[in-house]
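Report on the structure given below.
The values are calculated or read from the model by the stated rules, or taken from the named source; none is laboratory data. These figures come from a predicted structure and were not determined experimentally. Note that each Cβ is placed from the backbone with ideal geometry, even for glycine, and that neighbours are counted across all protein chains shown. Heads up: the accessible areas ignore ligands, DNA and RNA and are worked out on the full protein's heavy atoms, side chains in. Shrake-Rupley method; radii C 1.70, N 1.55, O 1.52, S 1.80 Å.
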Amino acid sequence: MAAGLERLGDRAAFTAQLQQAAQGLGVAAEVIDAPPDPRGYGHALRAALARARGAWIVTVDPDFSGAMAFIADLWARRHDAEVVVASRYVAGSAAEMPPLRAAGSRVLNTVFRRGLSLGVNDGSSAMRLYRADVVKALALQAADYDILQEVLVRAYAAGWRVLEIQLRYAPSPAVKSKTHASLVSAYLRTFWTLWKLRNSIAAADYDFRAHDSAIPLQRYWQRSRHRYITELIAGEGAVLDVGCGSSKIIGALPRGSVALDVLVNKLRFARRFNVPRVRGSGFTLPFADESFPCVLCSQVIEHVPMVPSMIDELCRVLKPGGRLVLGTPDYDRWEWVCIEKAYGIAAPGGYADEHISHYTRKGLLADFARRGYTHEATRYILRGELILAFRKPLDPRDRRPEQAR
């Protein structure tokens, strides 16, 4: 364990207090003194993190006063999350601050928590425990106090767990606390960058959060997709979910199912669903022929080339008589074309630029007819997103000659 500090008061006494707290846990600790950097708090923190050699890193706010009991609390929860924040604003916490400072801190943290969709009430607390390899791998760039928010946003985007615990906090009168003006100024400098990352489709929890989005259209879309797909896979047995992302659909998969994605951050986030996860490509699925009675692939095929065909691989692992559920935008529908153009204007670089293959219902029905599959269901979301269900023939002889393996 390593502890970093930016202490303007009695450094020797503060260091001894940290070492005593670590000894009480029965672990070896190195205390790293991180003096103020004229370029900003972020530079000082990044330098201290780079110097730390322990498997876990504890950071302590420069103005903290009192017993270091929170260090033992952080240490006790180290296996529950990769980032643990000692928070002034969770049940059971106490913060002895002047009324004006307390109110300003509350408002500041609430605004940025909601603006960046953070599940942390006290994003400005520097009393934290980090898993060293995790925090060191984050591409931190913030120069000042905004690094505290950046750590959280990048940890969420990478699929790591963030947890808050109780803290009894009292500022030291001997140390000048950071002002709300300095915090606001620092946060605003990087807010837009962090907001874009937090709401990017590449973020680990993008689909999970979209299900409960504050944007009515996005919430409706995600919940409609969840409803239709869970209806179509119900009663079909174990499901292979190809390109699972972080959708809440994973949590609705039946026993024996497997969630597969090529992105490790999505799979990392999906740990919460307690469904077996596999990292792999939809073009080379790591399963034997005819392994699953149901295969699901939603919102994937439009993001990859048509040749070679990922659909061939989906069909390969589907058992005879099994159901394939396939979701993709229908580019024959003017509704989808308009939605995509509007999205491209509102969010340049988003889905509008990522859909490199354009499928249609007519084309997919023809493709699966050639394979000998039976079309069983069609669902639309706002007449734009298409969800199809097909049944694989039981007898290989039922397949058309040109599609025989």
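Worth a mention:
- DSSP bridge analysis restricted to the chain gives an antiparallel fraction near 40%, rounded to the nearest 5.
- Exposure of H358 as accessible area (Å², to 10), given a probe of 1.4 Å and all protein chains: 100 Å²
- To the nearest ten degrees, helix 180-198 and the longest principal axis of the Cα atoms of the chain are 20 degrees apart.
- 17 Å reach of a label modelled at A16, 7 Å along Cα-to-Cβ, counting backbone N of segment 59-78: 66-68
- Database remark: amide H of I165 closer than 5 angstrom to the amide H of V85, A86, S87 (H placed geometrically; neighbours at sequence offset of 5 or more, or on other chains; Pro and chain starts carry no H).
- Inter-label distance, nm, simple model (7 Å from Cα along the C-beta direction), V337/K136: 5.4 nm
- Site pair A72 and R114 shows an inter-label distance of 3.8 nm when each label is modelled 7 Å from Cα along Cα→Cβ.
- Of K136/K266; K136/K341; K136/K196, pairs whose Cα-Cα distance is over 29 Å: K136/K341
- Rolling a 1.4 angstrom probe over the protein heavy atoms with all chains in place gives segment 205-348 an accessible area of 44 Å² per residue.
- Using R0 = 45 Å, the C-beta based FRET efficiency linking D289 and L188 works out to 0.20.
- Helix axis angle, 334-346 relative to the chain longest principal axis, alpha carbon, degrees: 20 degrees
- Pairwise FRET efficiency - V278 versus Y220, Cβ, R0 = 35 Å, nearest 0.05: 0.70
- Averaging the sequence gap over all C-alpha pairs within less than 8 Å and six or more residues apart, then dividing by the number of residues, gives the chain a relative contact order of 11 percent.
- Summary value for segment 56-136: 52 percent relative contact order, contacts being C-alpha pairs under 8 angstrom separated by 6+ residues.
- With Cα atoms, 0 to 90° folded angle of helix 216-233 axis to the chain main axis: 50 degrees
- Amide H contacts of E376 (H built 1.01 Å from N, in plane; Pro and chain starts excluded): A389, F390, R391 sit under 5 Å, all sequence-distant by 5 or more or on other chains.
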